[in-house]
Amino acid sequence: MNTADLGLPEEEEHATLPKRGGGGRRVGVPSTALFTDHYELTMLQAALHGGTADRHSVFEVFTRRLPEGRRYGVVAGTGRVLDAVEDFRFDADVLDFLRERDVVDEPTLAWLADYRFSGDIWGYPEGEVYFPGSPILRVEGSFAECVLLETVILSILNHDSAIAAAASRMASAAGERPLIEMGARRTHELAAVAASRAAYVGGFATTSDLAAGFRYGIPTVGTSAHAFTLLHDSERDAFRAQVDSLGEGTTLLVDTYDVQEAVRTAVEVAGPELGAVRIDSGDLLLVAHRVRQQLDELGARDTKIVVTSDLDEYAIASLAAAPVDAYGVGTQLVTGSGHPTCSMVYKLVARAESADPKAPLVAVAKKSAGGKTSVGGRKWAARRLDRDGAAEAEVVGTGAVPEALADRQLLVELVKGGEVVSREPLDAVRERHIAARDGLPLSATQLSRGEAVIPTEYV
């Protein structure tokens, strides 16, 4: 059987990294400097004029709550954030645009022309799980250089983490059965590539999106759509053309007309070595059972069954007892299965009393009403385990780390002095997520609605 058609990765290192040019800049990649909001630059101008731009500052990314019904979150997009920080440059075209629109004044434009992030970034390693209040990312440097990164960091982490969380729930529901990401046509063309990457982090095996395969090394799969069958004078002609071209191990789509007749024709054309059949409509539970029985009776006992058709984690779970071998998921995945954002925020939590490099840090935090308060101070985070080795609490603090939690700390160094110090293959990230999810209480993978599976404790 052609395992690539079914969505099973080959035994090789799939995830690759973009080629990088001199000075850390990726070859042929445009600046990310305008992936920001207007007010980031006007704040910069005001801070430069007011003499506060150079104050050492600490910003943190966190979410105040998980999306309704979610038991845990998934950190995804960290690798893309590191690329975006490296590519955050105000080149001549960008500066001309800002000048023409009169966004900021000439002194600010001159400052932007030399912009290079020179601070430090710490964060949860990509693939790790998180909870309300978890300091997922900490960005530290002057106020001026840190504040500019707010929008691009949040846009990446909010999107990718939402997709990865949905993918993780779907992977839990699917068990050992592989998942194929096929949502490119259901979202923006650039978001589709990021979604495919996030889905792979969350546990999907393959993608249909060739751009994602090209950029991130994710295994790609695909065979044919209903249009291919409709193109031919008969279903048999379509199946014959596909088998002659792609081999007996291909996957034939059997629900264009009559499923029972199509399965019979598929086995007649390809023989019992037919790789798989795909079902894309109808009562998938009932149809899958009927197709499995028919395939077995026709001697195609090793032919697999792939199901698609607006699946989400609940639909996948409902098919657990069905004779299904793989799932293809599109719309619900790339839209976060009802939660397309994680509501992460980027907040200043500490700043120096003055621009003096030796000035002490002062904890700061928003204290307004309406549930938008935050906790000030540069934070550490650790996960406390119970006697069985399962996570029992997310512990977040601003002082000394308790000795009992010293080896359970979650933040790792990602950028030091403006240089990326932690970049890893996507497969390593994917494996980390599986391990992190497996370390949670069993109720974390329940699809029933509930609160975060472990509490966040502040010390």
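How much mean residue ellipticity at 222 nm does the chain get from its helices, if each DSSP H run of length 4 or more adds -39500 (n - 2.57) and you divide by all residues, to the nearest 500 deg cm²/dmol? Walk me through the intermediate numbers first.
Numbers: 16 runs with 161 residues, N = 459.
When only DSSP H runs of four or more count, the value is -10500 deg cm²/dmol.
Taking the Cα centre of the range 309-459 as origin, sum charge times position over the Cβ atoms of Lys and Arg (+1) and Asp and Glu (-1), and report the length of that vector in debye to the nearest 20.
The calculated dipole for the range 309-459 is roughly 820 debye.
DSSP beta bridges in the chain, what fraction antiparallel, as a percent rounded to 5? Spell out each step's value before the answer.
Details: 35 of 53 bridges.
About 65 percent, rounded to the nearest 5.
Rank by packing, highest mean first: peptides 80-89, 112-121, with packing defined as the count of other Cβ atoms within 10 Å averaged across residues. Kindly include the intermediate steps, with their values, before the conclusion.
On the way: 80-89: 21.0, 112-121: 16.9.
Output ranking for 80-89, 112-121: 80-89, 112-121.
Amide H of Arg89 versus every other amide H placed in the peptide plane: which residues, excluding those fewer than 5 positions away on the same chain, fall under 5 Å?
Amide H to amide H, under 5 Å and 5 or more residues apart or across chains, Arg89 pairs with Thr32, Ala33.
Kindly identify the range 33-148 as rounded, prolate or oblate by the Cα gyration tensor criterion: order the square roots of the eigenvalues as a ≥ b ≥ c, call it rounded if a/c is under 1.5, otherwise compare a/b with b/c, prolate if a/b is larger, else oblate.
Values: a/c = 2.26, a/b = 2.02, b/c = 1.12.
Note, shape of the range 33-148 comes out prolate.
Ranked highest first by the average count of other Cβ atoms within 10 Å around their residues, in what order do 384-395, 248-259 fall?
Highest mean packing first, the order is 248-259, 384-395.
Convert each backbone phi in the range 274-291 into a coupling constant with the Karplus relation 6.51 cos²θ - 1.76 cosθ + 1.60 (shift: θ = phi - 60°), then list the ³J(HN,Hα) values in order as whole Hz, x for Gly and Pro.
3, x, 6, 10, 10, 10, 10, 6, x, 6, 4, 5, 5, 5, 4, 5, 5, 5
Using only the Cα atoms of the range 96-194, build the gyration tensor, take square roots of its eigenvalues as a ≥ b ≥ c, and label the shape rounded, prolate or oblate: rounded if a/c is under 1.5, else prolate if a/b is larger than b/c, else oblate.
On the way: a/c = 3.93, a/b = 1.84, b/c = 2.14.
Oblate is the answer for the range 96-194, as a/c is 1.5 or above yet b/c matches or exceeds a/b.
Which sequence of Val147, Val362 reflects their accessible areas, 1.4 Å probe, from the largest down?
Numbers: Val147 5, Val362 45 Å².
Result of the area sort, largest leading: Val362, Val147.
Report the extension gain between Ala359 and Phe228 in nm, rounded to one decimal, defined as 0.36 nm multiplied by the number of residues separating them, less their alpha carbon distance.
Values: separation 131, 0.36 × 131 = 47.16 nm, distance 6.87 nm.
Difference between extended and current length: 40.3 nm.
Whole Å is fine, so just give me how far the alpha carbon centre of the range 54-126 lies from that of the range 401-420.
21
Would you mind telling me the share, in percent, of accessible area of the range 230-297 contributed by carbon and sulfur at probe 1.4 angstrom? Provide the component values of the computation, followed by the final result.
Numbers: 1510 of 3260 Å².
That share works out to 46 percent.
Roughly speaking, to the nearest percent, how much of the range 332-459's 1.4 Å accessible area is carbon and sulfur? Present the calculation step by step, with values, prior to reporting the outcome.
Details: 3460 of 6950 Å².
Carbon plus sulfur share of accessible area: 50 percent.
Using modelled backbone amide H atoms (1.01 Å from N, in-plane), which distant-in-sequence or interchain residues come within less than 5 Å of Glu392's amide H?
Answer set, sorted by chain and number: Arg384, Leu385, Asp386.
Per residue of the range 130-142, in order, report the coupling 6.51 cos²θ - 1.76 cosθ + 1.60 (Karplus, θ = phi - 60°) as ³J(HN,Hα) in whole Hz, putting x for Gly and Pro.
Karplus-based 3J(HN,Hα) across the range 130-142 equals 9, 9, x, x, 4, x, 4, 8, 10, 10, 9, x, 6 Hz.
Hull surface divided by four, with the convex hull built on the Cα atoms of the range 233-337: how many nm²? Spell out each step's value before the answer.
Details: hull surface 26.5 nm².
Quarter of the Cα hull surface area: 6.6 nm².
Starting from the Cα gyration tensor of the range 356-459, take the square roots of the eigenvalues, sort them a ≥ b ≥ c, and report rounded, prolate or oblate (rounded when a/c is under 1.5, otherwise prolate if a/b is larger than b/c, else oblate).
Numbers: a/c = 1.77, a/b = 1.27, b/c = 1.40.
Because a/c hits 1.5 or more and a/b fails to exceed b/c, the range 356-459 counts as oblate.
The values are calculated or read from the model by the stated rules, or taken from the named source; none is laboratory data. The structure presented is a predicted model; accordingly, all values stated were derived computationally and were not measured. A quick note on method: Cβ atoms are made from the backbone with ideal geometry, for glycine too, and the neighbour counts reach across all protein chains shown. The protein model used for the area step is the full one, side chains on, heavy atoms only, and it has no ligands, DNA or RNA in it. Shrake-Rupley method; radii C 1.70, N 1.55, O 1.52, S 1.80 Å.
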